[in-house]
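Undergrad: For reference, the structure I am asking about is given below.
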Amino acid sequence: MDAELVFVSKNFHVDYAQLESNLRRILKHTKERFDGKIVLVYGDLCLGQGEEMKELVNEYGIVKVDALNCIDCQLGGRGRVLEADPEHNLMFMGPGMVEFFADMKRSLKHQGMDDEAMFRGLFSGIRGIMLLNTCGDKEALLRDLNELGMGLEVIETIDIGPDNVLRLVLEALERDEV
């Protein structure tokens, strides 16, 4: 695919307002300098539980992949994350989420907080981890996850690669042409 990619920091993941502000800045900049189609690879729920993402997409006149969140994108979209976790008690972890929690752990240690107690509280009610091997390096991902000390068992590893996300982008482009 001949495309220009613009990435947004994983650290915006926890703050809807900060993510929306950053997305607006990036979309404005991208629309000003790029005449082609813009596909937003974010989920419907990434800015909140309402219609926030849909409103942003309509406001900028762009198209978005058909997915609820980043995990849904990686699983193939269209709500597949709900099929994989109907009881909402699994933690899906790919390389980006492992890095996100590693950064959080370092930050908490720097602030003198007990990261292990925080992880226990944060993940109470979570049955285990579904590890998403998106980059083909399962051993390194398992090692990094183990170093985090989250106290959760890896229930399953899913080798998925980038194909599902690519398929969602291509489908979004097709919808945009109709």
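The values are calculated or read from the model by the stated rules, or taken from the named source; none is laboratory data. Please read these numbers as outputs of a predicted model, since none were measured by experiment. With ideal geometry, Cβ positions are generated from the backbone for all residues, glycine too; neighbour counts draw on all protein chains shown. Calculation scope for accessible area: heavy atoms of the full protein, side chains included, ligands and nucleic acids excluded. Shrake-Rupley method; radii C 1.70, N 1.55, O 1.52, S 1.80 Å.
Undergrad: Go through (1) surrounded by 11 or more Cβ atoms within 10 Å (Cβ to Cβ); (2) modelled with pLDDT of 90 or more; (3) out of contact with any Phe, Trp or Tyr (no Cβ under 6 Å at 6 or more places or on another chain); (4) farther than 22 Å from V8 by Cα for M130 and report which single condition fails.
TA: (3)
Undergrad: Of all residues in segment 138-178 being in contact (Cβ under 8 Å) with a residue 12 or more places away in the chain, in a helix (DSSP H, G or I) and within 28 Å of G125 (Cβ to Cβ), which is most open to solvent (accessible area, probe 1.4 Å)?
TA: E147
Undergrad: Give me the pairs: first residue in segment 1-16 and over 22 Å from E171 (Cα atoms), second residue small (G, A, S), beta-carbon distance under 6 Å, and six or more apart or on different chains, which are they?
TA: These pairs meet every condition: K10/G96; Y16/G48.
Undergrad: Filter segment 22-41 down to residues that are of a type outside the set (A, V, I, L, M, F, W, C), open to solvent by less than 80 Å² (accessible area, probe 1.4 Å) and part of a helix (DSSP H, G or I), then give me how many there are.
TA: Of the residues in that region, 3 qualify.
Undergrad: I'd like the full set of residues that are hydroxyl-bearing (S, T, Y) and assigned to a loop (DSSP other than H, G, I, E, B), limited to segment 107-125.
TA: S124
Undergrad: List, please: which pairs have Cβ atoms under 6 Å, are six or more places apart or on different chains, and start with a residue in segment 47-68 that is free of Cβ contacts under 8 Å to residues at least 40 places away in the same chain and more than 16 Å from H13 (Cβ to Cβ) and end with one that is open to solvent by 20 Å² or more (accessible area, probe 1.4 Å) and hydrophobic (A, V, I, L, M, F, W, C)?
TA: As it stands, the answer is I62/I38, since those pairs meet every condition given.
Undergrad: Specify the residue that is nearest to V41 (Cα to Cα); the eligible residues are those in segment 70-87 that are crowded, with 17+ Cβ neighbours inside 10 Å and free of Cβ contacts under 8 Å to residues at least 60 places away in the same chain.
TA: C70
Undergrad: Right, next: In segment 1-21, which residues are under 25 Å from R167 (Cα atoms), open to solvent by less than 100 Å² (accessible area, probe 1.4 Å) and among the aliphatic types (A, V, I, L, M)?
TA: A3, V6, V8, L19
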